[in-house]
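A short worksheet on the structure shown next.
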Amino acid sequence: EAGVVQSPRYKIIEKKQPVAFWCNPISGHNTLYWYRQNLGQGPELLIRYENEEAVDDSQLPKDRFSAERLKGVDSTLKIQPAELGDSAVYLCASSPTASGNTIYFGEGSWLTVV
Amino acid sequence: GDSVTQMEGPVTLSEEAFLTINCTYTATGYPSLFWYVQYPGEGLQLLLKATKADDKGSNKGFEATYRKETTSFHLEKGSVQVSDSAVYFCADSNDYKLSFGAGTTVTVRA
């Protein structure tokens, strides 16, 4: 069974440029998460989807970050414009449902803003 | 909000040594508790979990017991191998999201 697939794996951009990350969750998983992991820290939740609905986006910096999951499967996370402090690993994860299930992570998209 | 505190690293051990990484949580109620592992260049993988008090999660020789009385979920392995070198993250699950500790880097020398 395929795991959570993310792309690109690595991205280097100049500040003020836009960037987008794509995620394909495990087939059948209704819940999708985007986490951000800063160097030397644990991941922090940005947004959680139940199917196509964003049910928790309280930690998403909405002035520059946006996300969508239009058909309740794939998801895209966008940053526009990027700032130096956005350099981090962006992790997508999925689970069958939100309640009590194991969350499976993708390998992450490593962003460097210069 | 909820927080998970784990032992700071880095930790360096010799092969066959005993490993313990302390983890405490502050979530109220009965959160599920997890240990995730991140090997060099790879994504986060679930190592083990426990969903209720006194449960013991185990996998690949690692164990952790859910201690409600001390709000702890310490990770242990009796004899580590070089291949156990990784970053280990403790996490709790409450209110439908995982909250992670800062991670502990473990290096095992041959």
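What the table shows:
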{"item": "Candidate set: segment B:44-65, residues that are in a loop (DSSP other than H, G, I, E, B) and within 14 Å of chain A (Cβ to nearest Cβ); chosen: the one surrounded by the fewest Cβ atoms within 10 Å (Cβ to Cβ)", "result": "B:LYS52"}
{"item": "Segment A:32-46, subset closer than 13 Å to A:PRO61 by Cβ and surrounded by fewer than 23 Cβ atoms within 10 Å (Cβ to Cβ), residue farthest from the chain's Cα centre (by Cα)", "result": "A:GLU44"}
{"item": "Unique match (being modelled with pLDDT under 95, within 27 Å of B:VAL4 (Cβ to Cβ), of a type outside the set (A, V, I, L, M) and out of contact with any His (no Cβ under 7 Å at 6 or more places or on another chain)) among A:GLY28, A:GLY72, A:GLY85, A:GLY40", "result": "A:GLY40"}
{"item": "All positions within segment A:54-100 that are in contact (Cβ under 8 Å) with a residue 12 or more places away in the chain and polar (S, T, N, Q)", "result": "A:GLN59, A:SER66, A:SER75, A:THR76, A:GLN80, A:SER87, A:SER94, A:SER95, A:THR97"}
{"item": "Conditions (1) closer than 17 Å to A:GLY3 by Cβ; (2) more than 14 Å from chain B (Cβ to nearest Cβ); number of the one not met by A:SER87", "result": "(1)"}
{"item": "Residue count, segment B:94-105 (criterion: in a strand (DSSP E or B), at the interface with chain A (Cβ under 7 Å from one of its Cβ atoms) and over 11 Å from the mean Cα position of the chain (by Cα))", "result": "2"}
{"item": "Residue match in segment B:4-16 (condition: out of contact with any Asp or Glu (no Cβ under 8 Å at 6 or more places or on another chain), away from chain A (no Cβ under 12 Å) and among the polar types (S, T, N, Q))", "result": "yes"}
{"item": "Only listed residue being in contact with an Asp or Glu (Cβ under 6 Å, 6 or more places away or on another chain) and more than 10 Å from chain A (Cβ to nearest Cβ), chosen from B:TYR25, B:TYR39, B:TYR88, B:TYR30", "result": "B:TYR25"}
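The values are calculated or read from the model by the stated rules, or taken from the named source; none is laboratory data. Only a predicted model underlies this, so the values are computations on that prediction, with no experimental measurement involved. Here the Cβ is made from the backbone with ideal geometry for all residues, glycine too, and neighbour counts use every protein chain on show.
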